[in-house]
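Below is one structure, written out as structure tokens; comments come after it.
The values are calculated or read from the model by the stated rules, or taken from the named source; none is laboratory data. Just so it is clear, the structure is predicted and the values come from calculations on it, not from any experiment. Cβ atoms come from the backbone with ideal geometry, glycine included; neighbour counts cover every protein chain shown. Each accessible area value is taken on the protein alone, full model and side chains, heavy atoms only, with ligands, DNA and RNA left out. Shrake-Rupley method; radii C 1.70, N 1.55, O 1.52, S 1.80 Å.
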Amino acid sequence: MWFSFWRSRDRFTLDHLRYLTDQLAKVQIVNEVNKDFVIEALRSIAELITYGDQHDPSFFEFFMEKQVVAEFVRVLKLSRTVSIPLQLLQTVSIMIQNLRSEHAIYYMFSNEHMNYLITYSFDFRNEELLSYYISFLRAISGKLNKNTISLLVKTRNDEVVSFPLYVEAIRFAFHEENMIRTAVRTVTLNVYHVGDECVNRYITSAPHTEYFSNLVSFFRNQCMDLNRLVSETLKNPGPDSTSAIVAAVDEIEDNLYYFSDVISAGIPDVGRLITDSILMLLIFPMLLPSLRIVDTNDMQSGVVTSLYLLCCILRIVKIKDLANTIVAALFYPLETFTRFSRGKVNGYISDRGLTSVSQEPDDDNIAKCNAECLTVNVPQSSSSSGLDTESIMSEDNCSSSNLALREVLLAYVTKGDDVQVLGSLSVLATLLQTKELDESMLDRLGILPQRKQHKKQLLQALVGEASGEEQLFSSENSLMRDGSGCEPGVYLEKIKEQYGLSFLSSDFLMSPRVPRFQVLDALVSLFCRSNISAETLWDGGWLLRQLLPYSEAEFNIHHLELLQVSYKNSATALVKEVRGFWPDLLITVLCNEWRKCKRAMESSYPPKEPKCILFPSQMLSSEEDIPEGSSFAAGEKMHEVVKVFVVLHQLQIFTLGRYLPEKPLIYPPGDLPANSRAQTSGLDVSGPKPGTEVSLVSAVPCRIAFERGKERHFCFLAISAGTSGWLVLAEELPLKKPYGVVRVAAPLAGCNVCIFVCHICIFILNQVVWLADTYGTNLSCWFRV
């Protein structure tokens, strides 16, 4: 009896739901006295409706019959405390997220109750209330489809004139809190992916199109913040600044992936809107003008950030027009975009590239720079690249203003510092992997892979565009023999018409074979540079292998001579490491790096991601860079020398048309006397063991006596097999000379043989002295060599 009295009442019943709704209907004012009851009633109703949707349909039928949503709205109007709106938004969000019945969702979205809650004037100064509100919007957007979205819009003559969910959500698209921005993007993507034509026209009509330009403007500000962080890190590197750059990079890439997701929704004109905004607000006025050639002693933050951002945009934002327009812009001189960056772009005063505080130019300096600019005429030759990088890099900064941006990138490869080289290579590699780019654009840049060239020539020959023999075997590329290919010309004309940039670069009129020679010349000169890190050289090697997958390649005699000299220099540096701190690890590191380099060269992707250019690594390239007595720094230098040697050695094998082996050919047959000595000693690869019979040719004889008058004949012998070596003490066989039996074998383990022999001799001498002291015998009679 007492147990039944205290037993709790079953809350999940229709009677309990009826009780709660009746009590809620009696509420005429919400104050401090009854707010707790109202909050508990709202929370319990959400639980009961969620339960009923999955177990008993009568729950939701009662909910609709009593129009409980209308009661929610009435209670909200009566509320004077922030706790009621908080609970109400949470209650409705929970119900919408957990309702599975499509009929229930239709009811929740009908009667304008949701739109009333969406447009209600909440006090968003309360951060918690704003978070609940954004979660409420996200919950609604998660239930959108072509049927339910019509319940949340207002139409006139079959055209959407009001969409509160979308309009209110994008109000917080640029909120300072990252979680709120992320939730708003989820709401917009859910709207975009519904695919309703009327809603799409509403989204792409004024003034709602400003959202996309504002997105790019917000993204531009993030890019400027990243550039400031990079500039500060170059001045004062440290773990805190590095972590700040990592966070900024993650946010920038998230924004670009959001752009990509928006475009993937397939809404007409959205791709064009984003393309125009990126070009007019970011690419033309900021990124391209920042690719100026400056002294390596100056801060390179603007250049580094611009190269990284170009890679990210091309790699993530999959828009064909955007990618091809960026490539077409590379044929324009830098001066074109320098002038473009000083004007107004769509009402915005654009920045003069990505410059740090110390780099901000004033108007007087700009005028002076323009007045002193030198005209650089790029020679047009079909036999050489015509790119005089020495004059480019040695002139004043302004002298690069007449160079095409494509040539500026190649100038970074040939004369820039390590970060500039890596950034330029990353841009070229990204362009090579951008599927949205037309092959004719890649060919004009000089980076169309040879296999694609042959494939396209074969296709043209098969369809009868020209003689098959002429197409396939002519030394002159015939893809665009007249120098006015279809696709590049189309995008150049589009830049002129849409963006007002009119300039016909002489670089574009030259023979299509010249850009390819320029790229090849730049890469070969890169491998001849001694101030570039091994990892950057690996990136250059990967790009070269992508462009020229066949061993016959397009190398001329000058290229082969340069590569040969560079290879010999690296081999000389490697030999010096034999006398360094870590000779015992040299072979192991060489084998490991050989395998890594081979995998990197044969991979479909470059060895390093573009973001690595923002985190330059220190390179120990000379003896002066090694702190005195630092074995760690010496090991880092040895590792660097090995990686440089490996990539140049593999390129040598590639240029000779040979197959690249899985392992380096460290021990050519007959080249090493140690190998021949191991063979003549009669040992196998397992090495000497006690009791093994060996040949004592070239051994050092000695006599050891352990008792008076009983001397025994021994020999010292240094032998090796593969990468292992031993110092052997063998006893002569009187009846089988010159052979003996191994008594003791000490591994050399890569040590200096002379020093190790001395140590072994000293050890044996100490043992003999100990025996002499122990047995009281004459030492001179015991040990004679």
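Principal semi-axes of the equivalent ellipsoid, √(5λ) from the alpha carbon gyration tensor of the range 8-111, are 22, 16, 12 Å from largest down. Could you tell me which of THR119, SER131, VAL153 has its Cα farthest along the dipole of the range 116-159 towards the positive end, charges placed at Cβ (Lys, Arg +1; Asp, Glu -1), taken about the Cα centre? Farthest towards the positive end: VAL153. Remark: the range 559-569, residue by residue, has Karplus-estimated 3J(HN,Hα) of 4, 5, 5, 4, 5, 5, 4, 5, 5, 5, 5 Hz, where x stands for each Gly or Pro and the curve is 6.51 cos²θ - 1.76 cosθ + 1.60 at θ = phi - 60°.
For the range 36-49, putting each phi into the Karplus relation 6.51 cos²θ - 1.76 cosθ + 1.60 with θ = phi - 60° gives couplings of 5, 5, 4, 5, 5, 5, 4, 5, 5, 5, 4, 5, 5, 5 Hz, in residue order, rounded to whole numbers and with x for Gly and Pro. The spread of Cα positions in the range 62-120, taken along each principal axis and listed from longest to shortest, comes to 34, 22, 20 Å. Simple rule: put +1 on each Lys or Arg Cβ and -1 on each Asp or Glu Cβ in the range 154-274, find the dipole, and look at TYR258, VAL216, VAL184; the Cα lying farthest toward the positive end is VAL216. Quote the FRET efficiency, to the nearest 0.05, computed for LYS146 versus ASN31 with a Förster distance R0 of 56 Å and r equal to the Cβ-Cβ distance. In this case the efficiency is close to 0.80. Taking the Kirkwood radius as Rh and the Cα radius of gyration as Rg, the range 180-256 has a ratio of Rg/Rh equal to 1.15. Under the convention that each Lys and Arg Cβ holds +1 and each Asp and Glu Cβ holds -1, the size of the dipole of the range 8-111 around its Cα centre is about 360 debye. For the range 434-444, backbone phi angles converted through the Karplus equation (6.51, -1.76, 1.60; θ = phi - 60°) give residue-by-residue couplings of 7, 5, 6, 7, 6, 5, 5, 5, 4, 5, 5 Hz, Gly and Pro being listed as x. Bridging of LYS496 to lysines at a Cα separation below 30 Å is possible for LYS318, LYS320, LYS344, LYS368, LYS435, LYS452, LYS456, once same-chain residues fewer than 8 apart are set aside.
Given a Förster distance of 60 angstrom, what is the FRET efficiency for ASN111 paired with VAL575, based on the Cβ-Cβ distance and rounded to 0.05? Don't skip to the answer; put the middle values down first.
Details: r = 86 Å, r/R0 = 1.43.
Between ASN111 and VAL575 the formula returns 0.10.
Taken per residue, the accessible surface of the range 8-111 reaches 49 Å², heavy atoms only and a 1.4 Å probe. Between GLU127 and GLU251, the distance separating the two model label sites (each 7 Å from Cα on the Cα→Cβ line) works out to 1.5 nm.
Label zone of CYS528 (point 7 Å out along Cα→Cβ, amide N under 20 Å): in the range 419-447 this covers 421-422, 425. Computed over the range 76-175, the range of Cα coordinates on each principal axis works out to 39, 29, 27 Å, biggest value leading.
Between HIS713 and ARG595, the simple label model (points 7 Å from Cα in the Cβ direction) yields a spacing of 4.7 nm.
If the segment from GLU159 to THR209 were pulled out straight at 0.36 nm per residue, it would be longer than the present Cα-Cα gap by 16.3 nm.
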